[in-house]
Each structure stands twice: as structure tokens, then as C-alpha cells.
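The values are calculated or read from the model by the stated rules, or taken from the named source; none is laboratory data. Everything quoted here is computed from the prediction, not taken from an experiment. No Cβ is skipped: glycine too gets one built from the backbone with ideal geometry, and neighbour counts run over all protein chains shown. Accessible surface is based on the protein model in full, side chains and every heavy atom, while ligands, DNA and RNA are left aside. Shrake-Rupley method; radii C 1.70, N 1.55, O 1.52, S 1.80 Å.
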Amino acid sequence: MQSLTELYKAGRGPSSSHTMGPDRAARRFLAAYPTADAFAVTLYGSLAKTGRGHGTDRVLQEAFAPLPLSLSFDEVTADLPHPNTMDLTALRKGEVLGRWRVMSVGGGTIEVEGQPAATPPDIYPHSTFADIAAHCKTHELRLWEYVAQVEGEGIWDFLFEIWQTMQNCIKQGLLSMGTLPGGLDIERRAYSLYHGGHMDESAATRENRLICAYAFAAGEQNAGGGTVVTAPTCGACGVLPAVLLYTQQTRGTSDSQVLRALATGGLMGNLIKTNASISGAECGCQAEIGSACSMAAAALAEFYDMSLDQIEYSAEIAMEHHLGLTCDPIWGLVQIPCIERNAVAAMRALNAVRLANFLTNSRKISFDMVVETMYQTGLDMSHQYKETSEGGLAKLYPRPPVPGR
């Protein structure tokens, strides 16, 4: 597995696969052909079908500016190496200088066909939870200690910056009001959720309201193109920070404890990324929100100083009950049902931990098994439900005409 620095990434929303990935691809391509005077990009698959709603066209135009860019959306070609595939062509005086086929594989990571992977090498000696757990039990390590053992002490400075970005994202989201861009006329609701308490509000209701407010705040910042942290993706960016911030505030935990929780949750996300997928275009929303919930549950279990088995069970429950979740964003925007899903998953993470606290000794399903199940479920899922906006809510909700089509 790669470093957690390849999982947690700060960047602009609304989609790690459809904005962060294409932006990085465009800038690398531009640097590879500095003498080009024009560029052409063709988007395929999920990138073509939801690229406008996700802002792919915007980030590409900005990346290549001020040079001219010819951008086309191919929704027909099906024989693709990945659902998020794009072809980039560099031109000079009308002549082709070079072409790349790029896959945006999730979490802002890209792969270029025919080129060695530009991503950092694997640094973790283990790639399954079973192997990590065996190592930790043998050496009496907690999961965050295992992360530090592999990554080095420098990981804490990185995670502190990630935590600062997460907090700032929620803070800005709670202060922001108005309508989200895209045409759905969705009003930001984090502010009203945060300030919507009543004098007779029960403790349980207040807990749900605040966690939802924090998740909404991050999700709305993402939808508005603000800076978020992939945890593990932009579309699922609100789950983990909502749980972490609420727990820190109510339990009075230190930033050091938050960072340990981030390391623990990140390790689970890394396992999912390595052995399955965190891409909604590849495996549906179970790969995004399901993974985020799993990460949040593991992080929360670390907050409560739960055992290794209880942490595993918390993460397993969280993923198991998102199996089959489709990715069907209305109009291709990361708004409906995406923002609400962040809030629901944050609350579910708490419930997963509480259930694991009572039932760990009776569990039958391992974390590794549920991750493999999620991946197989995603592969079996119809393409209509994998970030193409062709099925589910996206199909039934009226779609506006697209200019020029």
C-alpha cells in the first residue's frame, strides 16, 4: 500500500475523480509539451456523462488557459480501460505533437496508458487487515502506531495539516449561505442545521443535528467548488471530519488524539483503495460513502480506545450496510443525494461503533471479506448506477437540456 499522503489530498471540489484527477492530468500533459500552441481533450464514459455537472470542463479550461482547448464529450464509446478515461492531444500549428490516454482512477490519482505509474511506491509491508492485525498483535501495537512505524514521525505533521484543512472546510461551510451552483437551486443548509436547536432538544437529537450540520458544511463546500480533503474522495469528504470534530468537541480530546484517529481511519481507507476501489465510477457510491463511513467508524473506535477486533468490526459494519449503494447524482452534480448521504453516513458510523462495542465476540464477517464483497458488488453493478447519471434518482428527476446538444 502507498502512503496515507496519497489518500488524504486537499483540493477543490466537487469531484476527486472528475476535477482533481483531470486537472492533474492536464497540468502534467502541458508540462510534457511546452511548445504546444493548442490542445484537444476527449472525455469518455463517466467523465463524459457527468463531466459538465462535476466541473471537468471548467478545470480543463483553466488548466490549459490561455492556450485554446477543443473539448469533446464521447458518451458512446464503451471499450474503455476505466470508466473515467480521457484522451489528451497536444498540437502545434495544427500538427500533432503527442497524445496521452489517461485514467482518473479515484481520489485524484491518475494513470497514463503506456507509462510507468507516476504514483509513489508501496511502503506498507502488509496489504490486508488480517496481516496488519497479526503484526500489531505480535508487537503489541495499535493501528496508529503501526502507521507511524511505517510512515515515520513525519506523518504527524502531514495529518495535522489535513486536520486543519478539514476544520476550516467545516467552519467555512457553517458560515456560508445562499444557493449552490449548478441550476438545481439547492440552498445551503448547514447554517440552519447548526443554529436550529431548541431549548427542549434531547441530547440524542442535538448529537444528530450537529453531526449532520458538520457533514452538510463540508459537502456544501465541496459542491460549491471549495477546498476539501479527499476522505477518501471529494464526494464523501464530509463523513470523517464531521465525526472527528463532533467527538473532539464533546469529549475534549486533543489534536494528537484526532491525528491518531485520522491515521487509523486512513489505514482502513488505504486497504479499501488497494484491494477494491474508492471510485464511484467503478463501484458506485458504496465505494465512496461506504468507504468514508468505514474510515469514520474506525477513527471513532480509536477515539474510544477500543480493541483491535472492535475497530475492525466497527469498520466492517459500516461498509457492510452500504453494500450496493448506487451513484446516481442528479444532473451530474455532487448535491442530490450526495450531500445528505455524507450526513447519514456520519451518523451510521457512530451507530456502527456502538453496535461493535456490544457484539464484537459474535461477528462472522471480516473487514477483508466485506471489502472484497464491495468490490465484486461494484463490478456486477449496472453502469447506470456508477456515476453516469443514467439511473436511479438521476433518471427520474427531470434533466435540463444541454446547450449545443
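Debye sum, Cα scatterers, the range 54-212, no solvent: what log₁₀ I/I(0) at q = 0.15, 0.20 1/Å?
Here the Debye-derived log intensity ratios amount to -1.15, -1.24.
Given the whole protein assembly as supplied and a 1.4 Å probe, what does the accessible area of Val105 come to in Å², nearest 10?
Val105 exposes around 30 Å² with every protein chain in place.
Using alpha carbons only, how many angstrom separate the centre of the range 368-385 from the centre of the range 31-76?
Computed from Cα coordinates, the inter-centre distance equals 29 Å.
Kirkwood hydrodynamic radius for the chain: how many Å is it when counted over pairs of different Cα atoms?
The Cα-based Kirkwood calculation yields 21.3 Å.
Going from the alpha-carbon gyration tensor of the range 213-261, what semi-axes, largest first and in whole Å, does one get by taking the root of 5 times each eigenvalue?
21, 11, 7
Expressed as a whole percent, how much of the Cα-Cα distance distribution for the range 308-399 exceeds 23 Å?
Every Cα pair in the range 308-399 considered, those over 23 Å come to 36 percent.
Roughly how big is the range 75-120's charge dipole about its Cα centre, with Cβ charges of +1 (Lys, Arg) and -1 (Asp, Glu), in debye to the nearest 20?
Dipole magnitude for the range 75-120 comes out near 260 debye.
Using the reciprocal of the averaged 1/r over all distinct C-alpha pairs, how large is the Kirkwood radius of the range 85-127 in Å?
12.6 Å
For the range 305-343 and the range 177-215, what is the separation of their C-alpha centers, rounded to whole Å?
19 Å
Normalized C-alpha radius of gyration of the range 63-102, against 2.2 N^0.38 Å?
Scaled against compact globular proteins, the figure is 1.35.
Counting only Cα, what are the radius of gyration and maximum Cα-Cα distance Dmax of the range 136-183, in Å?
Reported Rg and Dmax, both Å: 17.9, 55.
So for the chain, averaging the separation of alpha carbon pairs under 8 Å that are six or more residues apart and normalising by length, what relative contact order in percent results?
It comes to 19 percent, rounded to a whole number.
Work out the length of the dipole vector of the range 301-381 about its Cα centre, built from +1 on the beta-carbon of each Lys and Arg and -1 on the beta-carbon of each Asp and Glu, and round it to the nearest 20 debye.
Charge dipole of the range 301-381: 260 debye, to the nearest 20.
Multiply the residue gap between Glu340 and Asp74 by 0.36 nm, knock off their C-alpha separation, and tell me the result in nm, one decimal place.
92.7 nm
Mind listing the Cα extents of the range 345-386 along all three principal axes, in Å, largest one first?
Dimensions of the range 345-386 along the principal axes of its Cα atoms: 38, 23, 10 Å.
In the chain, what percentage of the DSSP-assigned beta bridges are antiparallel, given to the nearest 5?
About 75 percent, rounded to the nearest 5.
For the range 324-363, take the alpha-carbon Rg, divide it by the Kirkwood Rh, and send me Rg/Rh.
Radius of gyration over Kirkwood radius for the range 324-363 works out to 1.20.
With springs only between Cα atoms under 10 Å, which of Gly154, Gly235, Gly13 fluctuates most in a Gaussian network model of the chain?
Comparing Gly154, Gly235, Gly13 in the GNM, the peak value goes to Gly154.
Within the set of other residues whose C-beta is less than 9 Å from the C-beta of Gly280, count the net charge using Lys and Arg as +1 and Asp and Glu as -1.
So the environment of Gly280 carries a net charge of -2.
Suppose only helical runs count, i.e. DSSP H with n ≥ 4. What mean residue ellipticity at 222 nm does that imply for the chain under -39500 (n - 2.57) per run, divided by all residues and rounded to the nearest 500 deg cm²/dmol?
Dividing the helical sum by the residues of the chain leaves -16000 deg cm²/dmol.
Direction-averaged shadow area of the convex hull around the Cα atoms of the range 297-357, nm²?
Taking a quarter of the hull surface, the average projection is 4.1 nm².
So what is the orientation-averaged projected area of the range 133-238, using the convex hull of its C-alpha atoms, in nm²?
One quarter of the hull surface, i.e. the mean projection, equals 9.4 nm².
How big is the convex hull of the Cα atoms of the range 13-79, per residue, in Å³?
Hull volume over Cα atoms, normalised by residue count, gives 82 Å³.
With 5 Å bins from zero, work out the P(r) of the range 1-126 over every alpha carbon pair and list the percent per bin.
Bins of 5 Å from zero give 2, 11, 22, 22, 20, 13, 6, 2, 1, 0, 0 percent of pairs.
Over all pairs of distinct alpha carbons, what does the Kirkwood formula give as the hydrodynamic radius of the range 229-346, in Å?
Across the range 229-346, the inverse of the average 1/r is 14.0 Å.
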